[in-house]
Amino acid sequence: MNAQQDFRVVLIGGGIVGLICAIALAQKGVQVDIYEAATKYGEIGAGVTIQHNAHPILKDLGLLDEIAKAAAGPRLPLFGFVMGPDSRESVYQYPENAVEKDQGIGLHRAVLINTLVRFLPPGVHSHFRKRCTDVITNQDGRVEVQFADGSRTVADIVIGADGIKSAIRGLVLGPKGDRLVDTGHRCYRNLLPIQRLMEAGVNTNALVPRCWMGSRKHLVSYPIGDGAMYNMAAFATDLSKVMVPAGSQSSWTDWVIPAPRTELQAAFVDFDSDARAILEQADESVTKWKIHGLYPPLECHVGSAPTSSTGVGSKANVVLIGDAAHAMVPYLGSGASVGIEDAYELANLLSHPQTCRDNLSDVLHAYNEARVPRTTFVANASKRAGEVYHGLGPSGPSTDGRRRDLDRQFDEIWHHDAQAEVRQIVQALVDGGVFTKS
């Protein structure tokens with residue numbers, strides 16, 4: 001799609017999803033400016049998995065081979081699910097005939113960000129130290145974005161890709177509309193050299209992508225990159241706790257804290273020797289994460305920036321993507337890949353030859369109608385997966401019960417066709433009289 005757009009796009013947030021959205025827009029002829037609060041592009045966190053549903057998107061953008069090369073290793077074997085107290089008891093393994101096509105790519109978040117930055121087209125302008133403090137619809141119907149340093153910019157559409165702590169989401173939805181919650185779930189994270197694990201005598205058969213399930217706890221571990229590092233995420237929490245509102249942004253300061261490795265090890269003392277051997281190698285860099293998310297999921301990812309006079313905008317001119325729109329618990333590892341779907345589909349719609357300033361609101365609403373059911377499904381499926389891992393799934397805690405609940409749980413997530421969904425959205429716009437049939 002070659003674009004001759006009469007509108008300006010501003011993208012708030014330069015994380016994984018924001019950068020991919022900017023790359024897709026620029027490749028398709030749409031000028032975009034990225035405003036990032038940090039001093040440079042970067043990511044916190046350790047490993048990230050790019051699941052199969054994102055691969056055709058990245059291939060279309062010319063990024064898949066480069067990301068695979070940056071990962072510096074083979075694609076991830078599919079996870080095996082075992083019982084934590086006895087990992088010899090295999091609960092579920094994805095069907096072998098699905099292995100090759102469904103393998104993911106695991107790599108460090110910083111490596112992925114650096115790769116994406118290298119592929120930003122020259123026409124993408126990056127602005128750093130730009131913390132968004134307000135968005136309003138001005139008298140011309142355009143969006144004015146204000147920043148903490150006193151500067152401002154004006155656009156016809158603002159894309160909020162500013163993550164789980166999104167300022168854009170709070171400004172557009174207001175405190176009552178923002179459903180960010182502290183889920184009550186807690187995760188210990190550590191990134192370890194595999195060489196250290198092997199020298200310590202850890203069973204090499206355990207150093208594969210694996211989910212060790214227990215009673216109200218589970219451990220996820222897998223190699224990343226060229227296989228030199230081993231990513232570990234251990235969840236020990238009561239999933240029956242009521243999720244509580246996250247509170248004001250001023251209180252969002254202690255989501256990640258250092259944790260003594262003895263606390264991590266004590267939580268999994270009932271797991272078998274293979275799991276404990278891995279945990280015993282945890283170092284002093286163990287962190288404990290408060291898992292937050294948007295629950296119940298938002299029913300709408302688009303909105304109108306308020307006006308300075310009435311406070312109520314009339315046309316959609318802001319859209320949320322990625323974690324800003326659908327931050328979810330991490331139990332399926334799908335958040336990044338579903339956000340990549342957002343970025344790609346939105347870029348395709350904004351670059352459509354018939355998209356213009358006059359119909360932007362209609363295009364955003366059509367995008368929203370398609371994406372909300374998809375992202376809601378994945379967010380709820382992720383929550384359910386955690387319950388299954390902890391023995392709280394619909395079929396109960398037994399091995400057979402967990403096996404039934406795990407069966408093909410990734411199919412609908414991994415096999416989503418973003419390109420087909422774009423075609424469906426375009427057809428809906430034609431049927432609604434927004435676009436003409438070409």
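A few comments on the model shown:
- Note on region 163-226: enclosed strands (runs of 3 or more DSSP E) holding 1 or more residues that are under 25 Å from the mean Cα position of the chain (by Cα) and closer than 23 Å to Ala305 by Cα are 180-193.
- From the list Ile159, Ile194, the lone residue that is modelled with pLDDT of 95 or more and closer than 30 Å to Gly104 by Cβ is Ile159.
- Residue in region 269-280 that is farthest from Asn205 (Cα to Cα), counting only those that are surrounded by fewer than 22 Cβ atoms within 10 Å (Cβ to Cβ) and in contact with a strand residue (DSSP E or B) (Cβ under 7 Å, 6 or more places away or on another chain): Asp272
- Checklist (1) on the phi > 0 side of the Ramachandran plot; (2) in contact with a Ser or Thr (Cβ under 8 Å, 6 or more places away or on another chain); (3) at pLDDT 95 or above applied to Arg402, failing item: (1)
- Being aliphatic (A, V, I, L, M), closer than 24 Å to Ala71 by Cβ and either surrounded by fewer than 22 Cβ atoms within 10 Å (Cβ to Cβ) or out of contact with any Gly (no Cβ under 6 Å at 6 or more places or on another chain) (or both) is true of Ala228.
- Taking region 55-72 as the range and being part of a helix (DSSP H, G or I) and free of Cβ contacts under 8 Å to residues at least 60 places away in the same chain as the test, the residues that pass are His55, Lys59, Leu64, Asp65, Glu66, Ile67, Ala68, Lys69, Ala70.
- Restricted to region 393-438, the set of helices (runs of 4 or more DSSP H) holding at least 1 residues that are surrounded by 18 or more Cβ atoms within 10 Å (Cβ to Cβ) and among the charged types (D, E, K, R) comprises 399-406, 418-431.
- Val202 of a type outside the set (S, T, N, Q), more than 21 Å from Ile291 (Cα to Cα), touching a Gly at 6+ places or on another chain (Cβ under 6 Å) and crowded, with 20+ Cβ neighbours inside 10 Å: no
- Asp178 fulfils the conditions (1) surrounded by 21 or more Cβ atoms within 10 Å (Cβ to Cβ); (2) closer than 24 Å to Asp342 by Cβ; (3) touching a helix residue (DSSP H, G or I) at 6+ places or on another chain (Cβ under 6 Å) except for a single criterion, (1).
- Where a residue in region 191-208 is closer than 22 Å to Glu89 by Cβ and its partner, wherever it lies, is buried (at least 18 other Cβ atoms within 10 Å of the Cβ) and small (Gly, Ala, Ser), with Cβ under 7 Å and at least six apart: Ala206/Ser87
- Residue satisfying all of: in region 8-54; of a type in the set (A, V, I, L, M, F, W, C) and assigned to a loop (DSSP other than H, G, I, E, B); surrounded by the fewest Cβ atoms within 10 Å (Cβ to Cβ) among these: Ile44
The values are calculated or read from the model by the stated rules, or taken from the named source; none is laboratory data. If you're wondering where the values come from, they're calculated on a predicted model, not measured in any experiment. Using ideal geometry, Cβ is built from the backbone for each residue, glycine included, and neighbour counts are taken over all protein chains shown.
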